[in-house]
Amino acid sequence: MARSKNRMSNEINAGSMADIAFLLLIFFLVTTTIASDKGILNFLPPKQDPNVPPPDIKKNERNIFNVLINANNDLLVEGEYRRKAEGLDKDFKEFIMNFGAPDEDAVALFNSLPASLQSQALRKPDSSDHPGEAVISIKTNRGTSYAVFLEVFDNAKRAYFDIYAERVGITADEYRALTGDDEASKALQDKGKEGIPMAISIAEPDKAGGN
Amino acid sequence: MAKFRKKKLGGSDQINTSALPDIIFMLLFFFMVTTVLREQDVLVDQKIPQSTQLQKLQNKTLISYIFIGKPKNTSLYGSEPRVQANDVLIGSPEIVQWVNQERDKLPEADRGSITISMKVDKEVKMGPISDVQTELRNADARKVLYASTKKLDQE
C-alpha cells in the first residue's frame, strides 16, 4: 500500500544496481584467467637428415660445461655430484667468462668489456678458452623431471642474460624486457650479445629411467 | 542553495553511495575486457613450473599452445602424461599435422616464425617432452616457449 503512493516519484531506485554489478563483477573475477605468454624461449635444432651422419664436431673438453641430470633428479656438474641446481648460474658465468686461451678476436672482445666483467675472467687453463667457444651442455634422462630440467636451463639463461646486461650496463630484468622492436633497444640487445653467443646445447635424453 | 545547506545541517549519517554502481561498473568493464573466455577445455593437469628468466613474446597471434600433463580424467585416458593440442588429446605422430594446420591459419609471411608454447605440468618427465620436441623438429616449428611463471628471487 505504501508503495503505490511512491509510484509517482520519477526516480528509479538505483540501490540494487550496485548489487547487480557486483554479481557480474564476481562472475568475471572468477572466470577470468589473465593470459600469460611468458616463458623461457628455446630454439630447437633443425631436423636431422637420417642419410647424413651428424657432423663430427671436434671441440675441446674444456670448452664444454657438462650438466647431467639423472632420473633421480641428481645433478652431475662437470663430473661433480650436486643435489640442487641453485647457484649453478654462478658456475656457468665463471665458465663462460673464463678466457683461458683467447684468440685474437677474443682478446679484442675482452678489451671491449667493462671492467666489472673483465675482473671475472679467471683464466683457468682447464675451463673455456673464450665465450665464443664455450658451450653449456645439458643432458637428461627420459625419467628426469621437467621441473628440474627447466631450473637448470633457467640458470644457464640467467648466466648469459647477466653477462649481456652487465655488458651494456643495465639490469638483467631490463635486458630481458628489451623487445628489439625499435632501433635503440635492438642496438642495445645486439651490443650485449655480440661475440658471446648463447650456446646452450640440450642433448637428446637417453633411455634410462623413463618410458 | 538553501535546500542544500539545510540537508547538511540535518547531519544525515548516511554515506552517499550513488557513485558506487559506477565504480563497480568500471571494475566490471575492466574484467570484461581483460577476460579471455577459455575457448578450450584443458584436459590435462597444468601446474606450471616457476623460473626466473622469463621473456614475453611480442606477437601473440604467432603462438600455438600445446599442453602436456597427466590427464584429469584418468579413468578415460589413463594416468600417463598426454599431449593436448586444441581440444583433443593427440599422439606424438599427429603433432606434425597439427603444426601444419596451425601454420596454415597464419598469414603467409608469418608462417616461418610460428611459436609453440609448451605448457607442461611439473610432474611430467623429460621423455614425453623430448618426443614432442622431436616431432616439432620434424614439423620445422623450432621456436619453442617453455611456459613458466615468475619465481620470486631468493637471494
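Laboratory data are not the source of any read-out in this text; all were calculated from the coordinates shown. Given the structure is predicted, the values throughout are model-derived calculations rather than measurements. Backbone-built Cβ (ideal geometry, glycine too); neighbour counts: all protein chains shown.
Descriptive notes on the structure:
- Base-10 log of normalised Debye intensity for the stretch A:148-211 (one unit scatterer per alpha-carbon) at q = 0.17, 0.20, 0.22 Å⁻¹: -0.64, -0.80, -0.90
- Checking every one of the trypsin sites (Lys or Arg not before Pro) in the stretch A:44-135 against DSSP loop status and a limit of 16 other Cβ atoms within 10 Å picks out A:K47, A:K58, A:K59, A:R83, A:K84, A:R123.
- Taken residue by residue and averaged, Cβ atoms of other chains lying within 10 Å of the Cβ of A:94-103 number 0.
- Convex hull volume per residue, computed on the Cα atoms of the protein assembly as shown, equals 274 Å³.
- When chain A is treated as a GNM with alpha-carbon contacts under 10 Å, the residue of A:E80, A:E11, A:E166 showing the greatest mean-square fluctuation is A:E11.
- Using all pairs of distinct alpha-carbon atoms, the Kirkwood hydrodynamic radius of chain A works out to 21.2 angstrom.
- Computed E for B:Y77/A:L29 - FRET, C-beta separation, R0 41 angstrom, nearest 0.05: 0.85
- The helix-based estimate of mean residue ellipticity at 222 nm for the protein assembly as shown, built from -39,500 (n - 2.57) per DSSP H run of four or more residues and divided by its residue count, is -10500 deg cm²/dmol to the nearest 500.
- Computed from the C-beta positions of A:F22 and B:D13 and an R0 of 30 Å, the FRET efficiency is 0.80 to the nearest 0.05.
- Residues A:M198 and B:R111, FRET efficiency given R0 of 22 Å [Cβ-Cβ distance, rounded to 0.05]: 0.30
- Residue order, fewest to most surrounding Cβ atoms within 10 angstrom, among B:T149, A:T144: B:T149, A:T144
- Stretching A:D105 away from A:I57 to a fully extended chain increases their span by 15.2 nm, per 0.36 nm per residue minus the current alpha-carbon distance.
- Axial C-alpha extent at least 20 Å, average Kyte-Doolittle at least -1.0 - helices from chain A (DSSP): A:17-31, A:146-168
- Remark: the A:E174-A:A115 segment gains 19.2 nm on full extension, using 0.36 nm per residue and subtracting the alpha carbon distance.
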